[in-house]
1. Mind listing the phi-derived Karplus ³J(HN,Hα) values for segment A:53-68, rounded to whole Hz, using 6.51, -1.76 and 1.60 with θ = phi - 60°, and x for any glycine or proline?
2. Antiparallel as a % of all DSSP beta bridges within the protein assembly as shown, to the nearest 5?
3. Taking amide H positions as placed in the peptide plane 1.01 Å from N, state which residues far from residue A:149 in sequence (5 or more) or on other chains have amide H under 5 Å from it.
4. Given Cα pairs under 8 Å that are at least 6 residues apart, what percent is the relative contact order of segment A:49-202?
5. Using the Cα centre of segment C:25-181 as the reference point, and only Cβ charges (+1 on K/R, -1 on D/E), how large is the resulting charge dipole? Debye, rounded to the nearest 20.
6. Under the rule of at least 5 residues apart or a separate chain, name every residue whose amide H is placed under 5 Å from the amide H of residue A:175.
7. For a test of the definition: using alpha carbon positions, the gyration tensor, and the 1.5 limit on a/c, classify segment C:248-474 as rounded, prolate or oblate.
8. P(r) for segment C:227-316: what percent of alpha-carbon pairs falls in each 5 Å bin, starting at zero?
Amino acid sequence: MNYGPLLFFGIFLTLASSWCGLVLIPQLQFGRLEPVTVEATQQLYPPNRSGLAERGMAVYRANGCLYCHSQQVRPEGFGADIQRGWGKRRSVARDYLRDIPVMLGTMRTGPDLTNIGVRQASAPWQLLHLYNPQITSKGSIMPPFRFLFEKHRIRGRPSPEALLLTGAFAPEPGYEVVPKPDAEALVEYLLSLKAITPLPETK
Amino acid sequence: MIVWLLFIGSLIVLPGSALLALRWAARTGQLEAFQKGALQIFDEEEPVGQMTDHFPGPDRLRRPKPATTGHGSRGDEKELPS
Amino acid sequence: MNSDAPSSFASALSPATDPEPSTAPALLAEIDQSCRAPVLALFGCGLVWLLAGTVLAELASLKMHWPDFLADTDWLTFGRVRPAHLNAMVFGFASECAIGIALWLMCRLCRTPLRFAWIILIAGVFWNLGVLVGIGGILAGDSTGIEWLEIPAYASPILFFSYALVGVWAVITFRFRREPRLYVSQWYILAALLWFPWLYSAAQILLILQPVRGTVQAAVNWWFAHNVLGLWFTPIGLAAIYYFIPKVIGRPIHSYYLSMLGFWSLALFYNWNGMHHLVGGPMPAWLVTVSIVASVMMTIPVVTVAINHHLTMVGHFHKMKFSPTLRFIVFGGMSYTVASLQGVYSALRSVSEVTHFTHHTIAHAHVGMYAFFTMVVFGCIYYIAPRLTQREWPSASLIHVHFWGTAGGILLYVGLLSFGGVLQGLAMNNPNIPFLQIVALTRPYLIIRTVAGIIIGTGHLAFVINFAWLLARQFEPYRGPVPLILAGTQPVK
């Protein structure tokens, strides 16, 4: 094994083989998928995200939400994702067509979020949970995202966006907590996470 | 279609070239006296049988006892000051 | 030939025009002296990143069971600290030390002094710059969101430029080798040096510059990330083990044929493993199955290497008492086997159904990156640094603190967290158990991890102190007894 060119040849070919098999062939097989029109609603799936939700996805990415939350529902019979109510069907490739980057996630320190827009469709709940997860989920180890919110003195009347905080979580009298634009964007993104539309490939 | 072509093609090319390379190696004598390659890292400065690392300091515990089987003539049994 | 002519870079590119050609294999001391500045610089910077990464690790670990800790600043939120830790360790500590070790081994095995050290020093400056800017970017919120590739697009070209310099240097050194035979470690190092830039640039192009569509990104992501471990760190770690075990004990590798089998089967199978990170995911079944099969096939190279190393060590295990390098290298080598076998069983669908998405995966990652690769790096530095500085390690006690702290700490970490992860996975597959209850059951294991982190961190501190002290010793004339390691070589003041 002293012959350099032979070594180089083998080193090149071996990685080339998996580059072909795991990158090139998948690209050829499902790299050109397009959104489909759902018969029942005549809407495109996956739908376009609103600008605010796209911004929210950037906030999700910047703050590393994917390190605790997955976004993939495993098939029925493999794990208990669907039985837990994390989705009505398994996730498929088409669900991720509009995602850059695709944040499937590899940890479930927190629950799967593929369908969180279905499970927790209330913006006030999402904002409270982000501000301090203990409010809605006592015992959670999710960090509080207070830095996405602003606490300020109430000017005249309380603002409509102010969080309804009670008990130990409420600010001092005369103060209110309002979400910053990033918090609103993030919530908009989370509410957009729905993958229950039946598709041809999921029948 | 192209997926299948690529797949079958690589299934032939990869093991095929590996076997060709093996045949070439055997024919040009690359595989004779192969075990000698393992001796490449030893030389006169650091020959076979000499341990080349130790703990720092003169602590007696940190040197192996002299070998009694005649294997390893230097280095292994540095006499320590008592 | 004009011997007064300065040796210019261009003319030195070919043995035919090089004004100072030499074909006699260089003395070990000459090689070590030539490596001194660049390799010590790489080790030193790598160890600074080790400390930074350790602090980030402890922060992340604490936040997992104490979520309120330092939670009010955005740059310290868990989701940023965690990738900062990973990148500081992978690209800061591990990669820099890997390059330092690879350079020294290449010089030793090619029997040629390290030439054009300035290339490596410049590469080192740029590499550190790239990692620093990258980690800063992650903490500032510019992470790419792609695991193992989080360093923002404005920092990765810096890393790439630095690596190109290292690559050029490696080709020149290989061209100028004075030892025509190639030892097994050189096969692994050459392979790693060729594979890594391909992986990194392909990932950058297909995921960041011209992102592929949809889940093809996941395929590229895990082809890349898994291969950083399997085709960059693993070969360099194995190259080190194949060199240091025989070198320290004074006995050649048991079977050179097995080493050839091990190398080629690793090259063939390892790079196909990546999709085992996506079992149950939105990928075609054939893609995942191919990776599971390749993962199982990995038992061939892993068992081959384990047998080879074991049979080389048989009868010589007692020497671990007398050599710091051997302790760390053998610990690392055994961990390689454990990590790989854990990987094999984790890839099976029935096991992945339980352990995927749990702390078991994190524990497994640390068996590979820490118990195997990091411990091997420590062993290498223990051997190489005294030879470069021509001084002995100042303190045996610090070495003991380092070894027992890191070995004990990592065993505690991976043992308990693997177990906790399995419990977590079993509970997750039981839809009657509410999620918050699962979180509560993992909490004790997360706390134990933080404790293990303190023990490991103590080991790191001991090592860095010893290393800094060793470097400082170079500035005093050497007064101690001639160390064994320098017997037979020319000591240089």
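1. 5, 4, 5, x, 5, 5, 5, 4, 5, 5, 9, x, 4, 5, 6, 10
2. Roughly 90 percent of the beta bridges in the protein assembly as shown run antiparallel, per DSSP.
3. Result for residue A:149 returns A:180.
4. Working: 232 pairs, mean separation 50.5, N = 154.
Averaging sequence separation for qualifying contacts and normalising by length gives 33 percent for segment A:49-202.
5. Values: 11 positive and 11 negative charges, 198 e Å.
Magnitude of the dipole: close to 960 debye.
6. A:154
7. Since a/c reaches 1.5 but b/c is at least a/b, the shape of segment C:248-474 is classed as oblate.
8. 3, 14, 21, 20, 15, 10, 7, 5, 3, 1, 0
Laboratory data are not the source of any read-out in this text; all were calculated from the coordinates shown. It should be emphasised that the depicted structure is a prediction, and the values quoted were computed from it without experimental measurement. Note: ideal-geometry Cβ built from the backbone for every residue, glycine included; neighbour counts use all protein chains shown.
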